[in-house]
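Readers should treat all values here as calculations from the given coordinates under stated rules, not as data from a laboratory. Since this is a predicted model, take the numbers as computed values, not measurements. Reconstructed Cβ throughout: ideal geometry from the backbone, glycine too, with neighbour counts over all protein chains shown.
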Amino acid sequence: MASVLIPLAEGFEELEAVTLIDLLRRAKINVVSASLGELAVTASRGVVLVADKKLNEVMDQQFDMLILPGGQPGTNHLNADPRIHALIKKMRMNNQAVAAICAAPRVLATAGILNGCRATCYPGTLTTKDWPEIKLSEEEDVVIDGDILTSKGPGTAISFSLAIVEYLKGKHTRQQVEDELVRSAS
């Protein structure tokens, strides 16, 4: 069974985190949410989620993908945590996938893994002026460059989650999950 780690930092974007956790679990992907500190984590708009584990408890576990939800100040907390950067580098050294949405691609950029890659993010989070080594796409909601997946923000959370389902489990599983959502094409 595919497994993913979703770190939750104080001030994360709840719509992104909950959508990712929900849709990936619908696809029978083992999702572990891990708090940077206490198990109860307050999101950017006051919603409190209880993480499955504390990050220190899962640092040595193997995952197929690391997914960073965005939001502020959650992204800043992720970016300031050396454990997150260690996980990103470990995942990439092992040719494993990393994903980030909204402001969180900045964490991947700071870790140096977006250099030479195509990516997208919340508008203004990364700019070509400040990050000329990243091929930023402003048009695409979801960008997949090899084993690096990025997305724009809360409004793209469903598309991003479904892209991750397809990446980890294939088109058939993605279609099954999407059909259950009764989502109309827009």
- Note on the structure: A student applying the Cα gyration tensor rule (rounded when a/c is under 1.5; otherwise prolate if a/b is larger than b/c, oblate if not) would label the range 22-120 rounded
- Query: Want the number for residue 115 to residue 175: 0.36 nm per residue separation, take away the alpha-carbon distance, what's left?
  - Reply: 18.4 nm
- Which FRET efficiency value, to the nearest 0.05, is calculated for residue 25 and residue 129 with the Förster distance at 41 angstrom and r the Cβ-Cβ distance? 0.55
- Item | Hypothetical label at residue 60: residues of the range 79-110 whose amide nitrogen lies under 13 Å (7 Å Cα-Cβ projection) | none
- Item | Charge dipole magnitude, Cβ of K and R +1, D and E -1 - the range 1-142, Cα centre, debye nearest 20 | 340
- Fewest to most Cβ atoms within 10 Å: 20, 181, 168, 5 sort as 181, 168, 5, 20
- Report the label-to-label distance for residue 1 and residue 86 in nanometres (one decimal), using points 7 Å from each Cα along the Cα→Cβ vector. 2.7
- Message: Once you keep just the Cα pairs under 8 angstrom separated by 6 or more residues, what percentage relative contact order results for the range 3-181?
- Response: 21
- Message: Neighbour counts of other C-beta atoms within 10 Å: give me 172, 77 arranged from fewest to most.
- Response: 172, 77
- Task: Would you mind giving the three semi-axes, in whole Å and largest first, of the ellipsoid equivalent to the chain according to its Cα gyration tensor?
- Result: 21, 20, 17
